[in-house]
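Read through the structure below, which is laid out as structure tokens, and then see the notes.
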Amino acid sequence: ELKQHFRPEFLNRVDEVIVFHPLGRAEIRQIVDLQLRRLAKQLEENGFGFEITDAAKDQLGEEGYDPAYGARPLKRVIQQRLQNQLANELLSGKLPPGCRILVDARDGEFSFQHEV
């Protein structure tokens, strides 16, 4: 709506001046939970259960937060650190169809276990 009333140059300058408050741990955790719900839904639609520990969520929050960009990098971190590894595990046959996938993190690395 603002685009109809103001020139793009003005809007760009206003965008540079707007002060954003940094996200705290609680907000980052909420964003992690939202993103992981989407992943869990995708897995459940394909017949897999999904559970992730608090340690793994904390690890994602730490890796996916940047003071300059907030939580924007989080989606990429989830894709690179969880989704890609899960895809490799599924394609290699290490995670059988219909299993429940358990994700944990220890010493900065994610581990995947499963229950049939």
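The values are calculated or read from the model by the stated rules, or taken from the named source; none is laboratory data. Bear in mind the structure is a predicted one, so any value in this text is a computation, not a measurement. Here Cβ is always computed from backbone atoms with ideal geometry, including for glycine, and neighbour counts include all displayed protein chains.
Would you pick out the residues in segment 15-36 that are loosely packed, with under 11 Cβ neighbours inside 10 Å and either assigned to a helix (DSSP H, G or I) or on the phi > 0 side of the Ramachandran plot (or both)?
Asp15, Glu16, Val17, Ala26
Within the group Ala40, Ala55, which residue is modelled with pLDDT of 95 or more, surrounded by 10 or more Cβ atoms within 10 Å (Cβ to Cβ) and touching a Lys or Arg at 6+ places or on another chain (Cβ under 8 Å)?
Ala55
Name the one entry in Leu95, Leu90 that is out of contact with any Cys (no Cβ under 6 Å at 6 or more places or on another chain) and in a loop (DSSP other than H, G, I, E, B).
Within the list Leu95, Leu90, the selection yields Leu95.
Among the numbered criteria (1) in contact with a Gly (Cβ under 7 Å, 6 or more places away or on another chain); (2) modelled with pLDDT of 95 or more; (3) not in a helix (DSSP H, G or I), which one does Val77 miss?
In the conditions (1) in contact with a Gly (Cβ under 7 Å, 6 or more places away or on another chain); (2) modelled with pLDDT of 95 or more; (3) not in a helix (DSSP H, G or I), Val77 misses (3) alone.
Take the residues of segment 102-116 that are under 20 Å from Gly64 (Cβ atoms), in contact (Cβ under 8 Å) with a residue 40 or more places away in the chain and in contact with a strand residue (DSSP E or B) (Cβ under 7 Å, 6 or more places away or on another chain): which is surrounded by the fewest Cβ atoms within 10 Å (Cβ to Cβ)?
Result: Asp104.
Of the conditions (1) touching a strand residue (DSSP E or B) at 6+ places or on another chain (Cβ under 7 Å); (2) modelled with pLDDT of 95 or more; (3) of a type in the set (A, V, I, L, M), Leu60 fails just one. Which one is it?
Answer for Leu60: the failing condition is (1).
I'm trying to understand the selection: among the residues of segment 76-91, which are buried (at least 18 other Cβ atoms within 10 Å of the Cβ) and closer than 18 Å to Gln113 by Cβ?
Matches in segment 76-91: Arg81, Leu82, Leu86, Leu90.
Regarding Glu89, is this residue of a type in the set (D, E, K, R) and more than 11 Å from the chain's Cα centre (by Cα)?
yes
For segment 64-75, which positions are surrounded by fewer than 18 Cβ atoms within 10 Å (Cβ to Cβ) and either in contact with a helix residue (DSSP H, G or I) (Cβ under 6 Å, 6 or more places away or on another chain) or among the basic types (Lys, Arg) (or both)?
Within segment 64-75, Arg72, Lys75 meet the criteria.
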